Amino acid sequence: MEDTQTTETRPAETAPVIRASSATGDLRLHEFASRIFHNTRFLRVWLPPGYDDAENSAQRYPVLYLNDGQNLFESATSFTGVEWQVDETADRLIRGGVVPPMIIVGIDNTAKDRVREYMPHRSLHPMMLRVQGTRYPSFLAKEVMPFIGNTYRVARGPENTGLGGSSLGALIALYTAEVRPGLVGRLLLESPSLWASNRHLIRHSRNVKRWPERIFLAIGTAETGREDKDQSAVDDVRELAGILHRAGLDEDRLRLVIDPDASHHESAWARRFPEALGFLFGQPAPLIS
């Protein structure tokens, strides 16, 4: 369960905004100090076309929070040198009317503490006993979301709020949706590390009563390069999808993608992001070719 010592935490103070010139559209970086994790990272806030126009001054926007923010918008900051192309994709889909104008927030990981912050349960493979992932839901709900809501014109409610990530970033997004029902209504799970902690979250998922309104769940068939592990990763995702179906999520609420020959890499997540964004926030949820 979540850390119970953070109930009185207030939004952290931040440094002045930094503008990123290499992104498509308006990308603003905030240095963000967390009292919950006791560290500092950047929040990367991408604003939709027309956000600052006078005629839109009263408009409020849906928001999608994504983990591993360094990898989303700029190849120069990405761990692999390849970005998700979130800015280009969002700009194109908004201008094309596929999704409404929306804000996307990349939450940076903190490098050396990434695994600890994204794992809510202890693990023997890999060995990780001093995990901090149970703090993440409070970090998001009590620090990040209040700051974004106070700084930008965000539409309230789970129907206007999404969360997602890839790998361990997807794992902690899934955990957050499980232990904080109603916090987010859109969930993006790319290549989730469901194997972590002896598949604990899969087992826990069977007892969840309330799921987000829409979930995009995807995995490649060549995630690791080893046939046995690749099949295990696909089987885990199919098992989670089965749990979600039995919980009442039909094809309008859950999209499962098994991507042939796709690896565990930003290039795969970038390629699938247009479909993911369209499904999660489109009205009705479209299939992007």
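Rule-based calculations on the coordinates, nothing more; no lab input. Model, not experiment: these values are computed from the prediction. Counting neighbours? That spans all protein chains shown, and the Cβs are built from the backbone with ideal geometry, glycine included.
The distance from the alpha carbon centre of the stretch 95-146 to that of the stretch 147-176 is 9 Å, rounded to a whole number.
Farthest towards the positive end of the charge dipole of the stretch 4-281, among the residues GLN85, ALA173, ALA233, is the Cα of ALA173, using unit charges on the Cβ of Lys, Arg, Asp and Glu.
For ARG199, neighbours were defined as the other residues whose beta-carbon sits under 15 Å from its Cβ, and their charges (Lys and Arg +1, Asp and Glu -1) total +1. The modelled label-to-label distance for the pair THR151/LEU183, using points 7 Å beyond Cα in the direction of Cβ, is 1.9 nm.
For the pair ALA76 and ARG238, the difference between a 0.36 nm per residue extended length and the Cα-Cα distance amounts to 54.9 nm. Residues PHE273, PHE79 in ascending order of nearby Cβ atoms (within 10 Å, fewest first): PHE79, PHE273. Of LYS142, LYS112, the sequence from fewest to most neighbouring Cβ atoms within 10 angstrom is LYS112, LYS142. Put a plus charge on the Cβ of each Lys and Arg, a minus charge on the Cβ of each Asp and Glu, and nothing anywhere else: the dipole of the chain about its Cα centre is then about 900 debye.
In plain terms, the chain from ALA111 to ASP250 could stretch by 46.3 nm, reckoned as 0.36 nm per residue minus the Cα-Cα distance.
Computed over the chain, the per-residue total of -39500 (n - 2.57) for DSSP H runs of n ≥ 4 gives a 222 nm mean residue ellipticity of -8500 deg cm²/dmol, rounded to 500. Over the chain, what is the relative contact order in whole percent, taking alpha-carbon pairs under 8 Å and six or more residues apart? Rounded, it is 17 percent for the chain. The fraction of Cα-Cα pairs per 10 angstrom bin, counted from 0 for the stretch 92-200, comes to 13, 44, 30, 11, 2 percent, rounded to whole percents.
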